[in-house]
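The values are calculated or read from the model by the stated rules, or taken from the named source; none is laboratory data. Given the structure is predicted, the values throughout are model-derived calculations rather than measurements. Cβ: placed from backbone, ideal geometry, glycine included. Neighbour counts: every protein chain shown. Ligands, DNA and RNA are excluded from the accessible area calculation, which covers all protein heavy atoms including side chains. Shrake-Rupley method; radii C 1.70, N 1.55, O 1.52, S 1.80 Å.
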Amino acid sequence: MKKVNGHEIIALFEQWSPKRFAMDGDPVGLHIGQLNRQVEKVLVTLDVNEEVIDEAIHHGANLVIAHHPPIFRPLKNIMTDTPQGRMIEKCIKHDITVYAAHTNLDVAPGGVNDLLASKLGLIDTDIIEPTYVEHMYKLIVFAPQSHVAEIRQALGKAGAGAIGDYTSCSFSSVGTGRFTPNDAAQPYIGAAGKEEAVAEEKIEVILPSILREKVLKAMLAAHPYEEPAYDLFQLDQPNVRYGLGRIGKLKEKTTLAQFAAHVKHVFGVPALRFVGEETKEIRKVAVLGGDGNKYIGAARRAGADVLVTGDLYYHVAHDAQAMGLAVIDPGHNIEKVMIDGVANYMQNACAEAGYEVQFIESKIITEPFNFI
């Protein structure tokens, strides 16, 4: 296993939840400290406060990955006799780095909103509000048959050929490659000045634009030829959409009152609020972590019977009621599902990469509200 620094861990994390997914103005990324130090333990948390940093110190974690940015607005000063100032001071004194993944983790496949949808038991999910489009490309590479399996494996490992729930998808056709090396060439097959005809396969895969460099690098490393022949071009077919929120179906219809009780149970909240008639039939459910007030219209247009979200405003509740959309508000803190989700994902990803690092789930309760 390889000892790693923060840059290597975050590079792996951002392959899953890249910063380009974040909404404009969202302060994602490095907040406190530096990433060029060796990291052996990482604490994953929803929020960052002084108690969470004490927890990191206790566990010997010198990197914290949080969902909510600890510095959401620019600071004019750092007063170390204030809670935020003490938290920052402890991070600096104990060499603790804090990194935040906010709306990019909401948008990312398998991120916060997918974790919430999974908890609710939703099937056939889709996004509610598209926020980012990834252009798709096709790579065609010609290779001798002796190396096609190795090249296909390298392409798949680099992320090419992912279609829906399937990975490493490709198509091959057999043909003849012809070439004549010149005097300066060092050919894998053939000799200078002599025309060669080689049995080759044409391998075709698709890939998102963000993976172009990575996939090309992997293909070139696996290819035996000095000058591999390949084509790479943008496709006109529908591109990959990413966005906020998820909408899906329940396996069986239920009533709003029964579904509200289900939401309360799966998220382990002591209380929740809901808008709508208790007997309303519920089958299609939208969910959006955090503050979803701006998305009641999008949820309704998507055909949702109910929207599960936090921080519901009084007048927005009236608007939802008027448009016939039920809303369940179990609170903002249900986004804590990301603690287990991120820790498990990153522990597996680091193990696959051969990184020697431990991910620890924060046990600090950061729900600010009490209920009676």
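Listed values, structure above:
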| read-out | value |
| --- | --- |
| Top-ranked residue in the stretch 189-216 [being among the basic types (Lys, Arg) and more than 24 Å from the chain's Cα centre (by Cα); ranked as surrounded by the fewest Cβ atoms within 10 Å (Cβ to Cβ)] | LYS194 |
| Hey, GLU252 closer than 28 Å to LEU116 by Cα and of a type in the set (Asp, Glu) or not | yes |
| Subset of the stretch 9-59 (residues that are of a type in the set (Asp, Glu) and buried (at least 19 other Cβ atoms within 10 Å of the Cβ)) | ASP47 |
| Residue ranges of strands (runs of 3 or more DSSP E) in the stretch 177-277 with at least 2 members without any contact (Cβ under 8 Å) to a residue 40 or more places away in the chain and aromatic (Phe, Trp, Tyr) | none |
| GLY297 vs. criteria open to solvent by less than 40 Å² (accessible area, probe 1.4 Å) and farther than 26 Å from GLU367 by Cβ | yes |
| Residue in the stretch 161-181 that is under 30 Å from PRO109 (Cα atoms), at pLDDT 90 or above and acidic (Asp, Glu) present | no |
| The lone exception for THR309 - which of (1) of a type in the set (Ser, Thr, Tyr); (2) farther than 17 Å from ALA261 by Cα; (3) assigned to a strand (DSSP E or B) it fails | (2) |
| Output for the stretch 312-343, where each listed residue is assigned to a helix (DSSP H, G or I), over 16 Å from GLY290 (Cα atoms) and aliphatic (A, V, I, L, M) | ALA320, ALA322, VAL342, ALA343 |
| Residues (open to solvent by less than 40 Å² (accessible area, probe 1.4 Å), over 29 Å from the mean Cα position of the chain (by Cα) and within 19 Å of GLY156 (Cα to Cα)) located in the stretch 217-274 | HIS223, PRO224, PRO228 |
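Listed here are the residues, each with its yes/no results for (1) assigned to a helix (DSSP H, G or I); (2) under 30 Å from PRO208 (Cα atoms).
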| site | (1), (2) |
| --- | --- |
| GLN15 | yes, yes |
| ARG20 | yes, yes |
| ASP26 | no, yes |
| HIS31 | no, yes |
| LEU35 | no, yes |
| VAL44 | no, yes |
| ASP47 | no, no |
| ASP54 | yes, no |
